[in-house]
Amino acid sequence: MSVPELIRIVSRDSPMALAQVERVRAELAVLHPGVRTEVVPVKTTGDKWMGDLSQVEGKGAFTKEVDAALLAGEADLAVHCVKDIPADRPLPAGTTFAAFLKRDDIRDALIHPGGLTLDELPAGTRIGTSSVRRVAQLAATHPHLECVPFRGNANRRLEKLAAGEADALLLAVAGLERIGRPDVISEVLSPEVMMPPIGAGILALQCREGDTELIDAISGLGDPDTYREATAERMFLHVLQGHCNSPIAGYARVDRSGELSLRACVFTPDGKTRLNAHEWAGRLDPATLGTSVAVALLRQGAREIIDGIPH
Ligand SMILES: NCc1[nH]cc(CCC(=O)O)c1CC(=O)O
């Protein structure tokens, strides 16, 4: 197999995103010793705009500029958190997923400077999060806690926490591990307590469709189980046509026997209504499982909940 002499890797320029690129470079070096790689850092709208993301085209806010660099030929390979890639629309024309890396931890973590757990936090504790998914679930299970809008990359949020702008944070375990800060975690929340977002913990490698030499060269970085989980989850979100303000959560899992399942929820923003669905693929392919779970939630009224939220 021929390998491109140089692979330019484009990504957001946050510390977490650049740490993700270093993981890709390290895995590429093992797969193809001697391959030359360069980093093309870009600042995205989501990195620049600290207001409500629904005012700047939602989740595409973390991917648009990265995709543009790929399509303009300024880079050859884009690294995205699948969680940040809009699923209510196809990938930008002319690009494709070349691989999904082995999935990291999908759970959220509580960061409390005093080391308290979620259940130990006193009434009125200010939780810094702008995630409608996190706010809706906390409203349902811990209504005595107060969510305060909080934006910025993980490092910036930790700085703002230290500056007293909130009393605690919710952040992804995967993100904290990538920036080398698992030390700040006071509790890892089980998916039963805090259902993760679609695509949690998954890194996607995206290329130009015609770049077959590169696609072949990096396909070996892909993890088959993560591909099945990502495919089921993204189809689920696509069928629901969720958006950045949709309180949607869920995760697919390939168990030890190779069986694929998908568990998902849709909440009202106040957390008072929660629709649930959990199905196994059996002989179905991952995309069909994702579709089936989305239809199960639509039958329970998910459309009215999602469409009732401005975006
Ligand atoms: N744009 C925020 C973002 N995108 C992906 C992750 C976490 C890592 C992942 O799920 O891959 C995070 C940080 C967070 O939610 O705490």
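The values are calculated or read from the model by the stated rules, or taken from the named source; none is laboratory data. In this text the structure is predicted, and so the values were computed from the model without any measurement. Note that each Cβ is placed from the backbone with ideal geometry, even for glycine, and that neighbours are counted across all protein chains shown. Quick note on the areas: whole protein, heavy atoms, side chains included, nothing else; ligands and nucleic acids left out. Shrake-Rupley method; radii C 1.70, N 1.55, O 1.52, S 1.80 Å.
Just a few scattered comments:
- Hey, Gly152 buried (at least 18 other Cβ atoms within 10 Å of the Cβ) and touching a Lys or Arg at 6+ places or on another chain (Cβ under 7 Å) or not: no
- Taken together, the residues in segment 271-302 that are open to solvent by 50 Å² or more (accessible area, probe 1.4 Å), under 24 Å from Val135 (Cβ atoms) and within 22 Å of the chain's Cα centre (by Cα) amount to 3.
- The number of residues in segment 181-190 that are open to solvent by less than 40 Å² (accessible area, probe 1.4 Å) and touching a helix residue (DSSP H, G or I) at 6+ places or on another chain (Cβ under 6 Å) comes to 0.
- Subset tally (residues that are of a type outside the set (A, V, I, L, M), part of a loop (DSSP other than H, G, I, E, B) and open to solvent by 10 Å² or more (accessible area, probe 1.4 Å)) for segment 198-209: 2
- Any hit, segment 210-229, residues being within 16 Å of the ligand (Cβ to nearest atom), in contact with an Asp or Glu (Cβ under 6 Å, 6 or more places away or on another chain) and not in a helix (DSSP H, G or I): no
- Any hit, segment 62-80, residues being open to solvent by 30 Å² or more (accessible area, probe 1.4 Å) and polar (S, T, N, Q): no
- Within segment 225-268, the set of residues being under 19 Å from Val135 (Cα atoms) and open to solvent by 70 Å² or more (accessible area, probe 1.4 Å) is empty.
- Candidates Arg157, Arg178, Arg89, filtered to the one that is without any contact (Cβ under 8 Å) to a residue 40 or more places away in the chain, basic (Lys, Arg), open to solvent by 30 Å² or more (accessible area, probe 1.4 Å) and within 12 Å of the ligand (Cβ to nearest atom): Arg157
- Qualifying residue in segment 9-31 (condition: at pLDDT 90 or above, assigned to a loop (DSSP other than H, G, I, E, B), open to solvent by 60 Å² or more (accessible area, probe 1.4 Å) and assigned by the TED database to the domain that holds Leu205): no
- Check on Leu161, within 20 Å of the chain's Cα centre (by Cα) and closer than 25 Å to Lys43 by Cβ: no
- Residues satisfying the stated conditions in segment 112-129, i.e. within 16 Å of the ligand (Cβ to nearest atom) and out of contact with any Ser or Thr (no Cβ under 6 Å at 6 or more places or on another chain): Leu118, Ile127, Gly128, Thr129
- Among the conditions (1) over 14 Å from Asp104 (Cα atoms); (2) outside the structural domain of Val79 (by the TED database); (3) open to solvent by 20 Å² or more (accessible area, probe 1.4 Å); (4) not β-branched (Val, Ile, Thr), Asp216 misses just one, which is (2).
- Of the candidates Ala78, Ala87, the single residue that is hydrophobic (A, V, I, L, M, F, W, C), touching a Leu at 6+ places or on another chain (Cβ under 8 Å), modelled with pLDDT of 95 or more and not in a helix (DSSP H, G or I) is Ala78.
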